[in-house]
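Novice: Before we start, here is the structure in question, set down as structure tokens.
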């Protein structure tokens, strides 16, 4: 089975090099628990493998022979442009890694589609001065789910796609779409992603949804990684576990792995310890 790496060395090495190609994966986390850093690291390390293989090997190691590098990497954001995201990622990872790793990545800013029906002034997310062409584009603007689907249809085949974030789409429910629309869209995405042989990562802040909504979203994707804080004594520890994941959970269960302790360092997100059933 072909696999595409997450770009997280300590995880990829335990699941055969990465998740199966054709997977749609939900990264659901408590605020600050590591889900966003996982997304950033996945983008940078996969980009670094193409841009600077020597630097990639130094920080990641060797990829298993069953792993296929993505044909391209696409980062979709609904509220931020490429420059803003690049700056944010440097807060998480070493500047040298970020500068090289982001170079191959195609950033798509969908803020115009996202904010178009909101009370947010146009000048806050678009050009301050608009001509007649801009006004015409506003009139023809697609809804944010349609714009996202059209972009993926054109670019996602064989690719690593990072969507930042599902929380933004959920915040827009009632204005653009309902939660049911979003769940149905993800189910369709899961189906077509297998034909594309792509890896699609969806970032979600758990505080943005109810338990019932989270359950609906989890049933619409191939796998979920959950990121949580644990408190013991005077320490807070970031942890990650896999409640369900086609082609991945069975491998972790075979090794009796129930939870990962994680860390964030200059090379981004990684696994620091593995908890097993005793």
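Novice: Among 70, 104, which is surrounded by fewer than 20 Cβ atoms within 10 Å (Cβ to Cβ) and in a loop (DSSP other than H, G, I, E, B)?
Specialist: Only one candidate qualifies: 104.
Novice: Can I ask one more? So residue 93 ticks every box in (1) in contact (Cβ under 8 Å) with a residue 60 or more places away in the chain; (2) closer than 11 Å to residue 44 by Cα; (3) in a helix (DSSP H, G or I) but one. Which box is left unticked?
Specialist: Residue 93 satisfies all of (1) in contact (Cβ under 8 Å) with a residue 60 or more places away in the chain; (2) closer than 11 Å to residue 44 by Cα; (3) in a helix (DSSP H, G or I) except (3).
Novice: When you look at residue 275, is it assigned to a strand (DSSP E or B), without any contact (Cβ under 8 Å) to a residue 12 or more places away in the chain, surrounded by fewer than 14 Cβ atoms within 10 Å (Cβ to Cβ) and more than 22 Å from the chain's Cα centre (by Cα), yes or no?
Specialist: So residue 275 fails the test.
Novice: Mind checking which pairs have a first residue in region 133-152 that is within 17 Å of residue 106 (Cβ to Cβ) and a second that is modelled with pLDDT of 75 or more and surrounded by 17 or more Cβ atoms within 10 Å (Cβ to Cβ), Cβ under 6 Å, 6 or more apart or different chains?
Specialist: Listed pairs, sorted by first residue: 147/110; 147/113; 151/108.
Novice: Residue check: is residue 215 surrounded by fewer than 18 Cβ atoms within 10 Å (Cβ to Cβ), at pLDDT 95 or above and within 26 Å of residue 33 (Cβ to Cβ)?
Specialist: yes
Novice: Being surrounded by fewer than 24 Cβ atoms within 10 Å (Cβ to Cβ) and either in contact with a strand residue (DSSP E or B) (Cβ under 6 Å, 6 or more places away or on another chain) or assigned to a loop (DSSP other than H, G, I, E, B) (or both) is the filter here, so list the residues in region 43-56 that pass it.
Specialist: Hit for region 43-56 is 52, nothing else.
Novice: If you scan region 29-49, which residues turn out to be closer than 18 Å to residue 229 by Cα and within 13 Å of the chain's Cα centre (by Cα)?
Specialist: Listed by number, the residues that qualify are 29, 34, 35, 36, 37, 38, 39.
Novice: Looking at region 251-269, which of its residues are in contact with a strand residue (DSSP E or B) (Cβ under 6 Å, 6 or more places away or on another chain) and assigned to a strand (DSSP E or B)?
Specialist: Result: 257, 258, 259, 260, 261, 262, 263.
Novice: Could you pull out the residue among 85, 11, 26 that is touching a residue at least 60 places away in the same chain (Cβ under 8 Å), under 22 Å from residue 152 (Cβ atoms), crowded, with 22+ Cβ neighbours inside 10 Å and within 18 Å of the chain's Cα centre (by Cα)?
Specialist: Checking each option against the conditions leaves just 26.
Novice: Test residue 76 against the criterion of being in contact with a helix residue (DSSP H, G or I) (Cβ under 6 Å, 6 or more places away or on another chain) and modelled with pLDDT of 95 or more, and give yes or no.
Specialist: no
Novice: If you take the residues of region 246-260 that are on the phi < 0 side of the Ramachandran plot and touching a residue at least 24 places away in the same chain (Cβ under 8 Å), which of them is surrounded by the fewest Cβ atoms within 10 Å (Cβ to Cβ)?
Specialist: The extreme case among them is 255.
The values are calculated or read from the model by the stated rules, or taken from the named source; none is laboratory data. Note that the structure is a prediction, hence the values are computed from the model and not measured. Every residue, glycine among them, receives a Cβ derived from its backbone with ideal geometry; neighbour counts consider all protein chains shown.
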